[in-house]
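One structure is given here, and the rest of the page talks about it.
The values are calculated or read from the model by the stated rules, or taken from the named source; none is laboratory data. Here the structure is a predicted model, which means the values were calculated and not measured. Positions of Cβ are backbone-derived with ideal geometry, glycine not excepted, and every protein chain shown enters the neighbour counts.
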Amino acid sequence: MKVVIIGAGKVGYSMAQLLSAENHDVTIIEQSPQRIKILEDNLDVQVIAGSGSSTSVLESAGIHQADMLLAVTQYDELNMVACMLGKKYGAKTTVARVRNPEYIEIKDFSLNELMDIDLIINPEHVTAREIAEIIKYPEALNVNYYANGKIQLLELELKPDSPLIGKEIKSLDTSLPYNIISIVRNHTILVPSGNDVLKAGDHIHLLARTSDMKSVERMLHFSSQKIEQVVILGGGRTGYYLAKILETNHLALKIKLFEKDIELARNLSQRLNRALVIHGDGSDYNLLEEENVGSADIFVAVTNDDKINLLCSLIASNLGVKKTICQMRRTETLPLAEKIGIDTILNPRLLTAGAILKYMRVGDVISVTLFGEERAEMLELVAQPGAIAIDKTLKDIHFPRGSMVGAVLRGDEAIIPDGSFKVKPYDRLIIFTLLKSIHKIEQLFKTGGRQI
Amino acid sequence: LIRPAVLFGKLGWLILIVGVAMLTCLPWSLAYDEDVTVPILEAAILTILCGMLLTSLSPRNEQITYKEGFAIVSLGWILVSIFGSLPYLFSGYLGSFADAFFETVSGFTTTGASVVMDVESWPRALLFWRSLTQWLGGIGIIVLFIAFMASLGTGAKQLFKAELPGPVSDNISPRIRDTAHKLLITYLLLSTSCALALYAVGMDCFDALCNTFATVATGGFSTKNTSIGYYASPAVEWVIIIFMLLSGTTFALHFIAFKKGKPLVYWKNPEFKLYAGIIGAASLLVFLDLQQQTGNTLWSDNLRNAIFQIISIVTTTGYITQDYTLWPHLSTALILLMMFVGGCSGSTSGGIKPGRYIILLRRTSIELKKMLHPKAVLPLRFGERFINEDVTANVAQFFFIYMVLMALGTVYLTSLGLDIFSSISASAACLGNVGPGLGLVGPVQNYFFIPDSGKYVLSFLMLVGRLEIYPLLLIFLPTFWRE
């Protein structure tokens, strides 16, 4: 596949890295000579110096043959214009990053239709939505949905007092269907077999029907507590979106939002309805104590500064907050943050990349989630007629190591399959796989695919 | 900067409007062969001549400045009241200047406090003038003036703001002159429908017109000694209830509701909601109170009387159907309380206005919340918009000055020998542009017996109330004129 990326910022760089690792042809358009140097030193991609809104630059980047155009510069308007131009020149799919809330909140029509852009991605909004999902399932460290929301994936931590500890996976209660598709232990991903023994501190990825999930959780003794108060640190775009989503979806929730810039705080207090906006520095221990942050159920740190987020999450956790969610922009330090006791760490770049990837493998792969440090993925793909896997039971298909079919959507029915499940054409499979095996999996399910 | 030539030129136009308006009384005196034709004609000619003399001072299309705007409004209202009293003086029906001035100010400010002992003995032409002053004052002579004057420049905005009551104004048009036109049309339509409705329920042409003037302007001057009670007709009372209610509502809302076909704007407006809520709650309390006093038999009368009297006071009209001083204590107290409410901003009524109460109440709750969360940022929401610190401070200050002026007025009246109860109500009724008060100035009484100095003080309160305090106080500030 041929992909043109405009702008090699954090998201652009990540996408280029991911895609070129998967053997796609990537061309990057970038203006800054420094960024170009970094790209050329580190990635196997073609780099073109210039502006993404210049037609000659787009043409020399091969926009005519491009399967996808990603416009991810820091300028919303440039991204939109580049996508409109790209579409006219023949790019099949266009993706623009647009962050300004005013563009997102247009009520009367969709920006996508107006400008003919296939996907408008807003990293802050994606992050906020993700956090809102986690707040909805406070016991989960991460929440994801597949098959139009019919299948749910939770990342759950095994607390030291969990009755599951020391048990083999095959000995667990299975009166309701579910799948444990992976275990993260000491920051490495294990693909479990029935004989694996669960240990305290394990993070398990639990896949089940969305409608069953609450019961499955109860069956496996994951308690869900009621959330009454959420504290958000940082009134940037992410904080604003999050407060807005929580205001509309959780009517009984008490929301406090800390912002240290007075003008921004005023502005937020007018745009939000119920949330209490407090002007002050979130790292001010006295202020946090005075506002009784310790009694909050969830503390979310989404300022622009990783250090502040980390520090304040620690303070909050120390004050007695039940759960801390922390945004980290730098991926290198993600494992470190988990080690010091922060419950959930989110990286906007990974989330954005995941959302864009959903659009990448158009046709057979529908939805994708990135795990941890980009080492594993959830694929959602359709079994095509005549593919190798058709009419075989799962245990007879030669899956690459570390891959597993977690759930299947047949027609409107969501199924949690076991080894005797037989694949039929047009089944939609939700598959967990390590990054390196994606191609092998794809070959199994597409018409004329070869066993690798 | 205030340029005397420009200032007096524009004032001349205002006086001219009043003079021309006087001429409309003449048909009545001619038709009914009354002895006031000559005095009214004299007053009209004198007023028109003075107006023309002043207008000739100023270059025709001179734009006015911010400060001149204030000066025109404040001096305009005083001058207009002086010239407006000429028909009473010349005809001799009100002999002293204090009486004539008081009656005219009460008319133009749509207060409806009167010194006339027996209105039914007055010639129709003079009664017509008395009601017409209310109608002219209701929408505001200044609004008329803006609607008809071509170029006033940016100062016009100031004129407009200074005269239209209320803390926040809805602009229905980007241009002030256009807004003035639209308000005027709303006012005319409201007046026409009120007059037709009153005529339909049995008033004669003259009474229907005069009562329309006083109702739509929320003024309250009547052509009968017993006010609306004279007609003893529930139909008349219901018509007047409806039109008082409408006239006490923001005119811009009527315009949007009817012109743009959005009747829901009323319920989206927080001030209207409070206004309607206060009227509903107070009427219900008075109704229950009256029921207890009279027993169950008169419930429909009691209901109508309660609603009529509460709306009449809340909208600062001051019409009377019942002597409410004979009502039970709670009801009388509620009547006094309602004098401090007033109708909506941008209507013809006076008083403090529900909009200001909303701002003050929200501010109170914000202050309390701030005690709990000292660093919280709490916006003051008013419908769909936000009120900034400047406006809230202005409203709080308004409330303070309002209360101080009322207290000073009360003390002054007691020094003239009035009892405290009458003094308080007279002061409140004049400052709020209500009209009748309680006690000695109650609904079946009159302001006639108050000494001249008291009448001047009350006239001042009426003007201060009508112009919402600031413009009138401003012209007493020496620095306003010096710089």
field: Any hit, segment A:241-251, residues being among the charged types (D, E, K, R) and buried (at least 16 other Cβ atoms within 10 Å of the Cβ)
entry: yes
field: segment A:253-274, subset in a loop (DSSP other than H, G, I, E, B) and of a type in the set (A, V, I, L, M, F, W, C), residue farthest from the other protein chains (Cβ to nearest Cβ)
entry: A:Leu253
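Residues checked against (1) touching a helix residue (DSSP H, G or I) at 6+ places or on another chain (Cβ under 6 Å); (2) surrounded by fewer than 22 Cβ atoms within 10 Å (Cβ to Cβ); (3) under 30 Å from B:Leu126 (Cβ atoms); (4) of a type in the set (Gly, Ala, Ser):
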residue	(1), (2), (3), (4)
B:Lys224	yes, yes, yes, no
B:Ala235	no, yes, yes, yes
B:Leu253	yes, no, no, no
B:Gly261	no, yes, no, yes
query: Is there a residue being within 14 Å of another protein chain (Cβ to nearest Cβ) and not in a helix (DSSP H, G or I) anywhere in segment A:237-252?
result: no
- line: Output for Cβ contacts, cut-off 8 Å, separation at least six or different chains, first residue closer than 22 Å to A:Gly149 by Cβ in segment A:419-445, second among the hydroxyl-bearing types (Ser, Thr, Tyr) and surrounded by 17 or more Cβ atoms within 10 Å (Cβ to Cβ), reads A:Ile430/A:Tyr146; A:Ile431/A:Ser403; A:Phe432/A:Ser182; A:Phe432/A:Ser403; A:Thr433/A:Ser403
Matching entry among A:Lys150, A:Lys159, A:Lys167 (being farther than 30 Å from A:Leu272 by Cβ, in contact (Cβ under 8 Å) with a residue 60 or more places away in the chain and not aliphatic (A, V, I, L, M)): A:Lys150
- request: For segment B:454-482, name all the residues that are more than 14 Å from B:Thr104 (Cα to Cα) and touching a residue at least 60 places away in the same chain (Cβ under 8 Å).
  value: B:Gly465, B:Leu467, B:Glu468, B:Ile469, B:Tyr470, B:Pro471, B:Leu472, B:Leu473, B:Leu474, B:Ile475, B:Phe480, B:Trp481
task: Determine, yes or no, whether A:Val277 is touching a helix residue (DSSP H, G or I) at 6+ places or on another chain (Cβ under 8 Å), at pLDDT 90 or above and more than 14 Å from chain B (Cβ to nearest Cβ).
output: no
Qualifying positions in segment A:280-291 - in a helix (DSSP H, G or I) and either more than 9 Å from chain B (Cβ to nearest Cβ) or of a type in the set (Asp, Glu) (or both): A:Tyr285, A:Asn286, A:Leu288, A:Glu289, A:Glu290
Breaking point among (1) buried (at least 20 other Cβ atoms within 10 Å of the Cβ); (2) in a loop (DSSP other than H, G, I, E, B), for B:Phe476: (1)
- prompt: Which members of segment A:100-118 meet the condition of being in a loop (DSSP other than H, G, I, E, B) and within 23 Å of A:Lys88 (Cα to Cα)?
  reply: A:Phe109, A:Ser110, A:Asp116, A:Ile117, A:Asp118
message: Considering only segment B:337-355, I want to know if a residue exists there that is part of a helix (DSSP H, G or I) and surrounded by fewer than 20 Cβ atoms within 10 Å (Cβ to Cβ).
response: yes
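Can you tell me how many residues within segment B:429-445 are part of a loop (DSSP other than H, G, I, E, B) and without any contact (Cβ under 8 Å) to a residue 60 or more places away in the chain?
Of all residues in segment B:429-445, those part of a loop (DSSP other than H, G, I, E, B) come to B:432-438, B:442-445.
Checking which are without any contact (Cβ under 8 Å) to a residue 60 or more places away in the chain leaves us with B:445.
So the answer is 1.
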- request: Could you run through segment B:89-135 and say how many residues are touching a residue at least 24 places away in the same chain (Cβ under 8 Å), assigned to a helix (DSSP H, G or I) and within 27 Å of B:Ser347 (Cα to Cα)?
  value: 18
query: For segment A:292-314, which residues satisfy the criterion of being without any contact (Cβ under 8 Å) to a residue 40 or more places away in the chain and either within 14 Å of chain B (Cβ to nearest Cβ) or touching a Leu at 6+ places or on another chain (Cβ under 6 Å) (or both)?
result: A:Asn292, A:Gly294
query: What number of residues in segment A:172-184 are of a type outside the set (Ser, Thr, Tyr) and either surrounded by fewer than 17 Cβ atoms within 10 Å (Cβ to Cβ) or at pLDDT below 80 (or both)?
result: 4
- request: Tell me, please, whether a residue that is more than 22 Å from B:Arg381 (Cα to Cα), surrounded by fewer than 20 Cβ atoms within 10 Å (Cβ to Cβ) and within 14 Å of chain B (Cβ to nearest Cβ) can be found in segment A:220-227.
  value: no
query: If we scan segment B:315-327, do we find a residue that is of a type in the set (Gly, Ala, Ser) and closer than 20 Å to B:Tyr187 by Cβ?
result: yes
query: If A:Lys107 passes every condition in (1) modelled with pLDDT under 85; (2) more than 30 Å from A:Glu157 (Cβ to Cβ); (3) within 23 Å of the chain's Cα centre (by Cα) but one, which one does it miss?
result: (3)
- prompt: What is the one condition in (1) farther than 30 Å from B:Asp118 by Cα; (2) surrounded by fewer than 24 Cβ atoms within 10 Å (Cβ to Cβ); (3) touching a Phe, Trp or Tyr at 6+ places or on another chain (Cβ under 9 Å) that B:Glu271 does not satisfy?
  reply: (2)
- prompt: Does B:Trp299 satisfy the criteria of being out of contact with any Cys (no Cβ under 9 Å at 6 or more places or on another chain) and loosely packed, with under 15 Cβ neighbours inside 10 Å?
  reply: yes
task: Among residues belonging to segment B:446-473 that are at pLDDT below 90 and not in a helix (DSSP H, G or I), point out the one that is farthest from B:Leu408 (Cα to Cα).
output: B:Asn446
query: Restricting attention to segment B:388-428, which residues are more than 14 Å from chain A (Cβ to nearest Cβ), surrounded by fewer than 18 Cβ atoms within 10 Å (Cβ to Cβ) and not in a helix (DSSP H, G or I)?
result: B:Leu416, B:Gly417, B:Asp419
query: Any residue in segment B:377-387 that is free of Cβ contacts under 8 Å to residues at least 60 places away in the same chain, out of contact with any His (no Cβ under 6 Å at 6 or more places or on another chain), β-branched (Val, Ile, Thr) and within 14 Å of another protein chain (Cβ to nearest Cβ)?
result: no
query: Can you tell me which residues in segment A:38-93 are under 19 Å from A:Ala21 (Cα atoms) and of a type in the set (D, E, K, R)?
result: A:Glu40, A:Asp41, A:Asp44, A:Asp67
